[in-house]
Structure formats: structure tokens, C-alpha cells
2 protein chains.
Amino acid sequence: MNTNKSGVRALVSLCVAHGVRQVIISPGSRNAPITIAFENHPEIKTYSIVDERSAGFVALGMALKTKEPTAVVCTSGSALLNYAPAVVEAFYQHIPLVVISADRPNEFINQGLGQSIEQHNLLSSIVKKSVSLPNIIVDNNQQWYCERLINEALLAAKTGKTGPVHINVPLSEPLYELTSEPFENPKHIKYSSVAKAQWSIPEVERFQKTLILVGQNQIGQELNDILSELSKQSNIQIWTEATSNVAHPNFIDGIDKLLASFSINDTLLFAPELLITIGDAIVSKRIKSYLQQVNNFEHWQIGQSPEVVDTYKHLTHIFEGNEIEWLLSFKNQLPKNSNSTYQSIGLTQKQQLEKAHNTYCEAADYSDFSVYDAICKALLNNDIDIHVANSAAIRYMQLFERSASQTYYCNRGTSGIDGSTSTAVGAAMVTEKPVWFLTGDISFLYDSNAFWNEKLPKNLKVVIVNNHGGGIFRLIDGPNKTKVLDQYLETHHQLDAANICAQHKVAYQIAQNIEEVNNGIAWLQEQESTAVLEIFTPRLLNSDILKDYFKYIKNYTYGNN
Amino acid sequence: MNTNKSGVRALVSLCVAHGVRQVIISPGSRNAPITIAFENHPEIKTYSIVDERSAGFVALGMALKTKEPTAVVCTSGSALLNYAPAVVEAFYQHIPLVVISADRPNEFINQGLGQSIEQHNLLSSIVKKSVSLPNIIVDNNQQWYCERLINEALLAAKTGKTGPVHINVPLSEPLYELTSEPFENPKHIKYSSVAKAQWSIPEVERFQKTLILVGQNQIGQELNDILSELSKQSNIQIWTEATSNVAHPNFIDGIDKLLASFSINDTLLFAPELLITIGDAIVSKRIKSYLQQVNNFEHWQIGQSPEVVDTYKHLTHIFEGNEIEWLLSFKNQLPKNSNSTYQSIGLTQKQQLEKAHNTYCEAADYSDFSVYDAICKALLNNDIDIHVANSAAIRYMQLFERSASQTYYCNRGTSGIDGSTSTAVGAAMVTEKPVWFLTGDISFLYDSNAFWNEKLPKNLKVVIVNNHGGGIFRLIDGPNKTKVLDQYLETHHQLDAANICAQHKVAYQIAQNIEEVNNGIAWLQEQESTAVLEIFTPRLLNSDILKDYFKYIKNYTYGNN
């Protein structure tokens, strides 16, 4: 019989998965579920030591000798603080000591009950990682969160320069309820770093459907080259965004278009067996919810950081190191022949979508959509840097063709609107290249001091698509149902950029139809100092056209056009 | 003319050394010295932007494009908080933004003056590193500290996954005093990581005197092998301690003996041109003060951590990665021939010292010194693990010969006495090997619950050297001059381990002369469960004998024997 606390069973299973074998338990009641679970696991050897100060050092001695993470378990209250001398020794001697403390649930801390103190973060300055698990697991998100936190702590103990970690486990009464369920297999996140010259990549031959998803990065030509090589493999699809800054005919570059077009059958056909992610932020929301819902794939995260970033809730392996070297090793270890149709499925769909997209664009009414289409067409193949503001601007830009001669930038670290213009100004100040900045009206007005700069760069071309408010909120299902949309979400307004430009002596033109847009872009290209083109679009029509577009490309792809 | 604040000049020099070229300054008075210094540096391009929020993003745009660290400088007060939106974007987009804030001196914070807020650590959760420089630099320690903090912050911005950092600069009035002094060359700490298969090691051929100092580690046979190879080079000396766990006739293994023997001439002869450190803590205090006083050498720190740990105040280069791989690369890049006499000087001195040491040991009176000598001789060449307590025990053990069959452990992470016995107990619980634990009386009594363990390991042999107090304090110059030595420093007592052993049914014997010590060790070797030998030594004589020993070996080496 085992404890009925599923989080505790996951904790014990993951300790075993990460190499813990010796566990020293100091007696107590609050930690009974943890004690029961460790006692029950056939791979674990448990010992009882009363004095936690001594127990901490005994575990340290075991970890010194076995060179494996070793756990100590105590009850709630001051017990935990008796581990502190051993923990600080482990911290400076770099020993993977895993401190597990039972705790009362948060709501009872400092409420006059016995053995309840602020345990969370109590050791944080002398451990590599400190986590506190959720008390009650009510849904899959909580389960995922609980398992992820345990993985994060145990990975921190073992990776890089090793060291102690603290896992705090709040537990509600009753504490002694048992179950006959066996240990589950919670998600075990593995880790590799490039300690040796050649990456060892586990069993790549087993994957017939590998999806490489390229997030925001400025890695440059080397990444484009190796991905182009990989895109010749029949079992690989490579999905990119504007901010991925890679381009090749075999890459699928309109993720939102692609996902919008999916039939139920496509959802299964495109589901990867292996997801490889490179780079930082992904703009597309659709791909996050799509991949979170796919069953059973492996996700390998490649990059310079050992942090657990589990955007798709399937993270299985972190490879810490140089992306290019990893991809080269990966390519060399791929089997030469594969009969997979995965890539051809992707490229066929891509071609269909391009036809649908082009047909729709030709007929689209004047709107944000047609304006961004015109801008992208006018700038295609220009050797320029393109800065794009959050958030409608970057989402629209993702729908249209781009070329390898263009480098895209966007503040997707936190996706704020607060400094998009200033960022473009700064980038333009340190390059001779033309820098185009594409922004909505709210972003531009928010950063209204961006032009207050005595060395405003002459190579900066600003395009404002002014739809008189945060039209992005009309595209999302929640906000468009509420009465406060106009005033408090969308920020509907009648402002424009004319006075800001006048204040700072910046050349300024407006456009109100596609012909004026095209003339305006030509005018911008000719300007020899900072200039602004402000394009006004019909506020209420924009969201309808975008929704109609996504409907159209789906119908077209399945023969209903 | 430049600012007369030397810390600010160091800040600017180090920014340049670490690759900063663009600096955006927002106007203010408190930051005038920083502004003046940046304006004065020929490698720096400065820009003025009033609104700090915009300035932060402009710098971010510059860093995005140049891929170099870019600095922003503001005055004290809320100005700093206006950088926060750009800093958090830089944090999640991994951009090396260097935030420099002027501050009032600590003593004036929250005292009702204008623009004085708690700036230090204000951004700490959204930067990679946050440092606050010393306000006034009164001595070399402060200068070293100031330069080290600047290096730490700038290294954090550039290394691993890059990101923003915050350097807070408290500045006293007057702020506008000028000097005609040029920029100094403050210590610039470089960094390399093993991004490529082969380490590139700068100009190894220039060093005729390379000292490899091996700190505490459990790396094992591989380290012994590569160091043995390196010890054949005529320009290399390898210095080790008991806890280095390496042994070879060419290694110099008694650092304290060696340094105690130095004539003024030796101080210069042994001074390295290059110091290479591997492993963690070094026990010897003498080597720390010796190397801190040597002029002009390079110090390369090799290991798994990017942290700046500048024990010897000469750190010049951090190589982050696997020690063995680095040493192999180093060896391959060494020139084949060298006429250096550096190694032979070291080995000659070592031989002299061994003779002196042996002569002294033969005649030494019964004391801690002769007891540790007897223990080490009895255990030499035994295939055992040896745990040693802090602090007299490990210092004595360093003086005597050890063999490669012995593995030494000691809690030198923080050098506490709080859990030495428990650590040895834990280590013995997970091995079949005999584990010997050598401890002083205070350490043993402090950790008195270490035997409260139902699975007390049978292979544990404990030797307590009981001199009735912390005799270590009699060896140091400060404490032995004070009246409170007996009661508050040395902890003079009449306790012994007999009752603790009786309580936990542990076999126990005592020894009071060398013959009993030798018999006691033989008795311990025969015991088939945990056993304790407690050796009593003459409290007041011990420190005299040790001081006499160091005097003797110095005189002997220089022909006065």
C-alpha cells in the first residue's frame, strides 16, 4: 500500500528517475506520506536518523561517496532549519543534497498552529533551486506544474556545478490514507550538455515525424545553412516565423495559416513524434495550444540555457550548448534513408495554402490585412532590417512572404508595447542599413518620447497602421463579448502621430487607401532623414476580414472554393 | 580632464575592456562623474536621451544590432525604475544591457533627501547580476573589490546565456572634481568556455614558471594521470594538499612546510608567472597570503563554474568547462622544449624538506604532532577512505606523507565543525571499504548525536585526538594574546568521548603515549564494528612543538642543522 497523495508518489518516482537511491528520514507526522512512499519504492534504501543536523551531514557523506543525489526528509517547522549547516557545506562543496521538507498547506502558515513556519525559500540563498509543490492537484495543469517543479529542482542538483536543492511539500490532512495504486510514470526531463566534442543523441532512428520549430533568434547564416541541409530529410518538417530569421523553400513559414487550415485528419498527420525547439519566443498562439494537445511526443530543447521552459508541456530532454554544433551532430547521426512522408505532407499543404492565400489577397477589401500585404510586397527582397511592434503588427506580418535579405526584430521577450519605437531608433543608430519600423497606433503613441533624440537616425522609416485602437482584442474570443471592450480593453481613440512628428521635426505623410499606401512607401524610401507614414484603416472592419481570411484558406484547401 | 573618482574611471575602463562601445546617458547631476568619464574615453560613443524608459529601449535596439553589451547611465532616484521595462525585455530576450545607476552613498538613503531610494537590488529579479560598488576606495582591498564587482557584472552580461546586469554606483559629493590622470588599467578578468571541441589557450609559451595548484576534488584517476604527465615539464610545479587526492613523486605535497621554509630569495624564485587552479577549497592559509603578495602573475581558473572566485587577488581568466579536457589541450599546446629550472628548484627544496621533516619526527616529544605522525605512518598505503574533521586535524594531516591508495575527505566547503562525524558515518554507510575518521575533541563533542543511528556502519574507525580544547587558537597570532582565550576561544574542557560511546554501545579505548597510540590503531583495525580510539595529548605543549617544527625545517634547509 502506498500514500494516496499523487504529488508525493510523483516526487518519489522522479527522485528515482534522477538517480536518488539513499534517503534519510527524520521522524515526524506531517512527512508521513513522503516516508510511506519512499519506504514503498523498491529502488530506494531508507534510513532513520532523529537529529536533522546529523541526518543532513550523514546524507552529505553518502553523496560524497556515491557521487549521486542523496535525499533527506523532515517534518514541518524548525526541523528544516537543522539541515541548514549541512546544506551550506553542500552548497560550497558542490554536493547534490536533496532536501525534502513536509509543510502545512499555505493557508495555515502563521495562524498559531504548531510547527508551521514560512518554510518556502527559507534555504534559498544556500541552495541552487528552491521549489514549493502545489498542495492539491485538481487538474492536468497542476499535475504538469508539480512534476515540472520536481524535475527543475532535481535537474539543478545534478547539472552544471552540482549542489543542494530544496523541495518543500505542503500536505493536507488526512496524512495516512493509503491506496493500492502503483507508482505512476511522471514526466522525467533529461539533460545533456556538451562536455565532449561530439553530442550523443539518443536513438534518432526511431522518429518518422520530426518537427523542428525555430523561435526568435539572431544566430544568422550558419543556422540557415544547417537547417537547409536538414530540410532535405523526408522525415523532417521545419516550421519558422518571421523572427526566426531563416528562409528556404522547404521551410513552412506561415504557422498560423497552416494550423488554421487543419482538418481533424491533418491534426493527426502533422502531429510530431519528436519536437526539436531552437531559439527563444514563438509568436503563434495556435501552435502552443496545438502542440499542448498532441499526445505522446518527445520534446528536445536545444540551446545555451539549462532552464526548464516547457511551453508545449511535453519537454523530455534539455541539451545545453551551441545550437549549430548540436544540429550538425544530429544530422550526422540521422539514418541515411527514411521512407517517411512527413515532409512531403507538409510541403504539399504549404503549396495549397500559398494558392489560397494569393487568391484571397487579390480580392481583399482595404483593411489592416490588405495594408500589411501591400507593405510586405513592397519591401520583399529589400536588404533591410525590419522592426515590428507588438502585437497586431507582428501577428499580421507573420502571414506574408518574407525573404532571407530581411532581418526581423520584435520585442518578444515580454511582448510589451512600451518601447518598440525606441528599440528601432536604437538599432538604426548603429547601422547604415535602412531600418523599417512597422507599428500599430497604440504602441507608437505609448512610446511617444522615442523621437526626443538629438541624433535621430536618418535611415529610419516608420510605418504606423492606425486603426484607432487596439484592434487585436477584437480578434480574440474573450474580450469581444464584454461591454468594456471599447473603453478599457481596446483603447479606442482619435489620436494620430502628426503632432508628435511636428514636435520633433520629422517628415510625415498619411495614407487612406492602397494606392496611397504604395505611394507612401515609395515616398518613405526616398526620404533622407527619419520619416513617418501613417496609414488609417477602418476600425471595425479589420477583425472581420482577418477572421474571413482564415475561414477562406481552410475551405479552399479542402476543395470548397 | 577626467573625473577624480578612481572607481568610476575603473568602471569605464572595464566597460571598454569587456566590449562596451555605445553608452546612452540620461541627464542628471549625481551621475556627472560617470558621464564625464565615458565622454572622455576615446573608444566610447555617448548619446543623450532624456526619458530613461525610451533610453533603455534605444540601448536595447543598439545591443540587438551590434550584439555587444550596451550601457545606459542614469542619475539616482526613480530614474532607475524607468529602465525596468527595457531591462525585463532584455532579460527574456537575453540581451546584454548594462544598467549603470548613480546613487547617493548608503548612509544617506531614506534620510529625507531628494532622489534617494533603495536602489541596490531593485532590479535583481530581472537582471543576471546586480552589484553595488564601494563608495570610497581607501585601500587595495577596496580597489580589488570594486574592480572585481565590475568584472563580475560585465562577465555575467556576456557569458553563457547573455542578459542584462545592474551596476549601482554610490557617489559622494563633490561630484565635479577633475584630474588630469589618464585611465588606469584595472584588472580585466577574461572568460572562455568550451564552445568548441578544442580549448584555445592564449600564448602558453610565454610562461617559464607555471604553478598548478590543486584544490579539494574527487575527480580521480584521470586527474592524476594528466597531472603526472604535466609534471614532466621543466617549467611546471604542481602543488597539492591531502584533499587534492592526487599523488606523484614530482608533486609538491606539503605546501605549508614548503612555504614555512622559504628564505626571501625563495619567495622570488618560487613566484609563478602563471598560476593555474583546479578544484575547490585550499586548506593552507600560508599560500593565500603568499600568492596575494606576489607581484604580476596571471591566474587562470579552470572548472565547471563561471563564477569569479579570486582567492589570490590575481584572477585574469576563467575557463569554464571540464578540467581534464582543458589540461589535455593545455598540454598539447605547450612548447616541447623549455630551459626553465622552475621544476628542479621545487623538487630540490622538496627533498631537503623531507630530510628535515624526518629528522624532526624522530625526535619529537609526545604531542598532537607526534600523534598525527604516528597515525599517518600506520595508515600509509592502506586502501581506505579517510575523513578528517576541521580544523586542527586537517592542518596536521597536511604535514605528513599520504599515498594514492587513500582518498581524503574534509568539509572544507565552509570548514565547519558541525557535522564532521556524521559525514564520515554517512560515507561509511554506503561503502564496504574501511572508513577512518580523524577528529579533534571539539568537533567530535559538537556532533554528539552522530552515533544515534540504528545502522551505525561496522567499517567506521574513529580516532579522536583530545587535547581538551580548541588548540588551533594557540597556533594563531591574534587569539593567543587575549585574556579570553581559555574560556571563549579555546573552549578548554575536561570532557571525553567515553559516555557518548557507552550510550550508543560503541567499542572504546584510550591512548596516552605513542606506544598506546600504535596499539590503539592496531586494535581499531581489528574491530568488526564501529570503534573509537581516544588519544589524550598535552594541551599546552602542542602549539609550542608545532611552532618549533616550522622553525626547525627552515633552519635545517638553510644549513643551520
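The values are calculated or read from the model by the stated rules, or taken from the named source; none is laboratory data. Because the structure is a prediction, the values reported are computed rather than measured. Please note: Cβ atoms are built from the backbone with ideal geometry, for glycine as well, and neighbour counts cover all protein chains shown. Please note that ligands, DNA and RNA were not included when accessible areas were found on the heavy atoms of the full protein model with its side chains. Shrake-Rupley method; radii C 1.70, N 1.55, O 1.52, S 1.80 Å.
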query = Whose amide H sits under 5 Å from the amide H of A:Glu298, counting only residues 5 or more places off or on another chain, with H placed in the peptide plane?
reply = A:Leu274, A:Leu275
note = segment B:21-174: spread of alpha-carbon positions along the three principal axes, whole Å, largest first, is 39, 34, 33
key: Buried on assembly, segment B:409-429 (at least 40 Å² less accessible surface than by itself, 1.4 Å probe)   = B:Tyr409, B:Asn411, B:Gly413, B:Thr414, B:Asp418, B:Ser422, B:Thr423, B:Met429
request  = Only loop residues by DSSP count here, and only those with at most 16 other Cβ atoms within 10 Å; note down the chymotrypsin sites (Phe, Trp or Tyr not before Pro) in segment B:497-561 that meet that.
outcome  = B:Tyr558
ask   = In Å² (nearest 100), what accessible area is buried between B and A, both sides summed, heavy protein atoms only, 1.4 Å probe?
value = 5200 Å²
query = Got a sec? Which residues of segment A:69-112 lose 10 Å² or more of accessible surface with every protein chain in place, vs. that chain alone, 1.4 Å probe?
reply = A:Pro85, A:Val88, A:Glu89, A:Tyr92, A:Gln93, A:His94
query = Against the longest principal axis of chain A, how steep is helix A:221-230, in degrees 0 to 90 to the nearest 10, with axes from Cα atoms?
reply = 80 degrees
inquiry  = For segment A:256-317, place one equal point scatterer on every Cα, skip the solvent, and apply the Debye formula. What is log10 of I(q)/I(0) at q = 0.15, 0.19, 0.20, 0.30 Å⁻¹?
reply    = -0.47, -0.74, -0.81, -1.46
key: Virtual spin-label span in nm between A:Thr414 and A:Leu541, 7 Å along Cα→Cβ   = 3.7 nm
ask   = Based on Cβ point charges of +1 for Lys and Arg and -1 for Asp and Glu, what charge dipole magnitude is obtained for chain B about its Cα centre, in debye rounded to the nearest 20?
value = 1140 debye
key: Inter-centroid distance (Cα atoms) of segment B:256-324 relative to segment A:268-343, Å   = 44 Å
ask   = Percent of accessible area on chain B owned by carbon and sulfur, 1.4 Å probe?
value = 49 percent
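Quote to one decimal, in nm, the extra length available between A:Asn140 and A:Gln494 on full extension: 0.36 nm per residue of separation minus the C-alpha distance between them.
On the way: separation 354, 0.36 × 354 = 127.44 nm, distance 4.47 nm.
Taking A:Asn140 through A:Gln494 to full extension adds about 123.0 nm, to one decimal.
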request  = Determine the sum of side-chain charges near A:Thr530: Lys and Arg each +1, Asp and Glu each -1, restricted to other residues whose C-beta is under 15 angstrom from that of A:Thr530.
outcome  = -2
ask   = If you take the charge dipole of the protein assembly as shown about its Cα centre, with +1 on Lys and Arg Cβ and -1 on Asp and Glu Cβ, which of B:Ala363, A:Thr35, B:His41 is farthest toward its positive end?
value = B:Ala363
Amide hydrogen neighbours beyond the local backbone of B:Ile535, cut-off 5 Å, H modeled = B:Ile464, B:Val465, B:Asn466, B:Ala511
message = Using only the alpha-carbon atoms, how far is helix B:368-379 inclined from the longest principal axis of chain B? Give it as 0 to 90 degrees, nearest 10.
response = 80 degrees
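Where in segment B:265-355 are there trypsin sites (Lys or Arg not before Pro) that are in a DSSP coil and have at most 15 other Cβ atoms within 10 angstrom of their Cβ? If you can, show how the numbers build up before the last one.
Details: sites: B:Lys285, B:Arg286, B:Lys288, B:Lys313, B:Lys331, B:Lys336, B:Lys350, B:Lys355; in loops: B:Lys313, B:Lys336.
Taking segment B:265-355 and a limit of 15 other Cβ atoms within 10 Å, the loop trypsin sites (Lys or Arg not before Pro) found are B:Lys336.
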query = For the Cα atoms of chain A, what angle does the longest principal axis make with the long axis of helix A:420-429, in degrees from 0 to 90, nearest 10?
reply = 70 degrees
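What's the longest bit of chain A with no exposed GluC sites (Glu not before Pro), using DSSP loop states and at most 15 other Cβ atoms within 10 Å as the test? Spell out each step's value before the answer.
Numbers: sites that count: A:Glu43, A:Glu118, A:Glu177, A:Glu184, A:Glu203, A:Glu307, A:Glu401, A:Glu432, A:Glu454, A:Glu528.
Here the longest run is A:204-306.
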message = If I model a spin label at A:Lys285 and B:Asp266 as a point 7 Å from the Cα along the Cα→Cβ vector, what separation in nanometres do I get?
response = 7.5 nm
inquiry  = Let's see if you can work this out: charge +1 on each Lys and Arg Cβ, -1 on each Asp and Glu Cβ, no other charges. What is the dipole magnitude of the protein assembly as shown about its Cα centre, in debye to the nearest 20?
reply    = 660 debye
ask   = Where in segment B:302-338 does accessible area fall by at least 50 Å² between the isolated chain and the complete protein assembly, at a 1.4 Å probe radius?
value = B:Glu325
request  = For segment A:286-303, just list the computed ³J(HN,Hα) in residue order, Karplus coefficients 6.51, -1.76 and 1.60, θ = phi - 60°, integers in Hz, with x standing in for Gly and Pro.
outcome  = 4, 5, 5, 6, 4, 5, 4, 8, 5, 8, 6, 10, 8, 10, 9, 9, 10, x
query = For chain B, what is the Kirkwood hydrodynamic radius in Å, using each pair of distinct C-alpha atoms?
reply = 26.7 Å
key: Using θ = phi - 60° and Karplus 6.51 cos²θ - 1.76 cosθ + 1.60, couplings along segment A:126-136 (whole Hz; Gly, Pro as x)   = 10, 10, 6, 7, 10, 10, 10, 6, x, 6, 10
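Evaluated at 25 °C with a viscosity of 0.890 mPa s, what Stokes-Einstein diffusion coefficient in µm²/s does the protein assembly as shown have when Rh comes from the Kirkwood expression over alpha-carbon pairs? Don't skip to the answer; put the middle values down first.
Working: Rh = 33.4 Å.
Taking Rh from Cα pairs, D becomes 74 µm²/s.
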task = State the antiparallel share, in %, of DSSP beta bridges confined to the protein assembly as shown, rounding to the nearest 5.
result = 5 percent
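Before I look further, what does chain A give for accessible area per residue, probe 1.4 Å, in whole square angstrom?
Values: 22140 Å² over 561 residues.
Accessible area per residue, chain A: 39 Å².
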key: segment A:500-519 versus segment B:14-68: alpha-carbon centroid distance in Å   = 32 Å
request  = Note down the net charge around B:Pro249, summing +1 for each Lys or Arg and -1 for each Asp or Glu among other residues with Cβ under 14 Å from its Cβ.
outcome  = -1
message = With the crude spin-label approximation of a point 7 Å out along Cα→Cβ, what separation in nm comes out for B:Lys455 versus A:Glu181?
response = 2.8 nm
